Amino acid sequence: LFSAIPMAPRDPILGITESFNADQNPEKINLGVGVYYDDNGKVPLLKCVQQAETMMLEKAAPHTYLPIDGLPAFNTAVQKMVFGEGCRGFDEKRIMTVQALGGTGALRIGADFISRFSASSHIWISNPSWENHRALFEADGFTVHTYPYYDGETRSINFNGMIAELKSMPSGSTVLLHACCHNPTGLDLSDGQWDEVIAVISERSLIPFLDMAYQGFAQSLEADGRIIRRFADNCPYLLVSNSYSKSFSLYGERIGAFSFVARSADEATRALSQVKRVIRTNYSNPSRHGAEIVTTVLSSPELYTMWDNELSDMRSRIRQMREKLAQDLSALREDLDFSYIITQNGLFSYSGLNKKQVEQLRDEHSIYAVDTGRICVAALNSGNIGRVVKAIAQVL
Ligand code: PLP
Ligand code: TYF
């Protein structure tokens, strides 16, 4: 069984962390992995999470199994948050939500589900996209295509290319879109561009799959979520994965959700029964702790406000780092334009560094970034940004 097994390639992002951990330089900086750190360089434990956990501990409840589709109160609260209250599909009972093991687990449920029931095994992801998108869908037998997204020359979205590709897709194909804070580029579509995308998707009967791993990191929870509602109101079918890893700083709890919108309550009920079978045959039922934390926060007005404020602080800190990075780089390199850093959203910046420059940053400065030049702005802080700016200005 094992003798002929070849070595699998390293995960390109988690591999960076391995190299970083092995580096002996005490000044080393990891801008590789997409994790939010506070200004002390620590992954925060949110106060709302801490309070929710205290409340949970006081209840001293036993650790029973959850239902196959997760904690019911979690699914209801998440649905309201993701689709926005008053979404038409709620009253018509066409929207279903199941708890998932993070955003990745939600994508996996969606991929398993479409691979079993769709006539098409073709999916389009953005070029570039999160590395795991391709691998995850290929593992389910999909042929993964890409649509143009990033234009390196102009450091902006190749929107005409994207629309042209959407118009060429066979009906019934799935299109994966980043709801906000595009990973890795940090570039999001404008409202008007989303309108065009929605129009083409519904005209050509494509199946939109929205991946929302960073709700709240672009503008606000409410504003970032609005795009889901617009798709739900304008397309007959919709799949959504969302994650609380970043927004609640609950990475290791593996908490997120998979939702879908069908054309009728009857369709939705049948589809849910099959989604539950996907879950049952994968891991039987999800874990409890993260779901209870999120549910406790979402269902308490005080804790919700506390969360909204904490998330807003994370978002503002990233913005400040973007501004300082752009400003200080401009001061050292007056010949270059860094304004793109400020207009990007979310944890990441496509910095424009090439592979060789990334290697130089690593070998000469012990600063780790992704080969594509993606840096995690949320890993910058007042203590390390000076060193990062000098190093980048030097290698550029
Ligand atoms: N989708 C995108 C675009 C991501 O960037 C990530 C993680 O960073 C995920 C999904 C997966 O999230 P999770 O860690 O909750 O599985
Ligand atoms: O893009 C990133 O950096 C994040 C972090 O299996 C990550 O997605 C990387 C690998 C993974 C889960 C999260």
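All of the numbers you see were taken from the coordinates with simple rules; none came from a lab. Everything quoted here is computed from the prediction, not taken from an experiment. Cβ: placed from backbone, ideal geometry, glycine included. Neighbour counts: every protein chain shown.
Here are some notes:
- Over region 66-299, relative contact order from alpha-carbon pairs under 8 Å, at least 6 apart, %: 32
- Residue of ASP211, ASP38, ASP266 that the Gaussian network model of the chain assigns the largest fluctuation, springs spanning Cα pairs under 10 Å: ASP266
- Residue with peak Gaussian network fluctuation, the chain [Cα springs, cutoff 10 Å], from ALA111, ALA223, ALA232: ALA223
- Cross-link pairs exceeding 23 Å between alpha carbons, from the set LYS167/LYS246; LYS59/LYS246; LYS324/LYS390; LYS28/LYS356; LYS356/LYS390: LYS167/LYS246; LYS59/LYS246.
- Listed by Cβ neighbour count within 10 Å, with the fewest neighbours leading, TYR304, TYR214 appear as TYR304, TYR214.
- Likely footprinting exposure, ILE255, ILE16, ILE385, ILE367, fewest C-beta neighbours within 10 Å first: ILE385, ILE16, ILE367, ILE255
- Rg then Dmax, both in Å and based on the Cα atoms of region 66-299: 16.5, 50.
- Using the Karplus relation 6.51 cos²θ - 1.76 cosθ + 1.60 with θ = phi - 60°, the per-residue 3J(HN,Hα) values for region 139-154 come to 4, 9, x, 6, 8, 9, 10, 10, 10, x, 9, 9, 10, x, 5, 9 Hz, with x marking Gly and Pro.
- Mean separation of Cα pairs under 8 Å and 6 or more residues apart, divided by the residue count, gives the chain a relative contact order of 26 percent.
- Volume of the convex hull of region 299-351 (Cα atoms only), normalised per residue: 63 Å³.
- Hull shadow area, averaged, the chain [alpha-carbon convex hull, nm²]: 21.3
- Here GLU364, GLU131 are placed in order of increasing Cβ neighbour count within 10 Å, fewest first, which gives GLU364, GLU131.
- The trypsin sites (Lys or Arg not before Pro) of region 343-385 include none that DSSP puts in a loop with a beta carbon having at most 14 other beta carbons within 10 Å.
- Cα-based helix-to-principal-axis angle, 385-395 vs the chain, degrees rounded to 10: 70
- Think of it as helices only: each DSSP H run of n ≥ 4 in the chain is worth -39500 (n - 2.57), and spread over all residues that comes to -14500 deg cm²/dmol at 222 nm.
- For region 211-297, trypsin sites (Lys or Arg not before Pro) meeting the loop criterion (DSSP other than H, G, I, E, B) and having at most 15 other Cβ atoms within 10 Å: ARG263.
- Span from the region 27-67 Cα centroid across to the region 330-396 one, whole angstrom: 28
- Degrees separating the helix 355-365 axis from the principal Cα axis of the chain, which is the longest one: 60
- For LYS276, the lysines whose Cα falls under 25 Å of its own Cα, not counting residues fewer than eight places away in the same chain, are LYS80, LYS93.
- The C-alpha atoms of the chain define a longest principal axis, and helix 47-59 lies at about 40 degrees to it.
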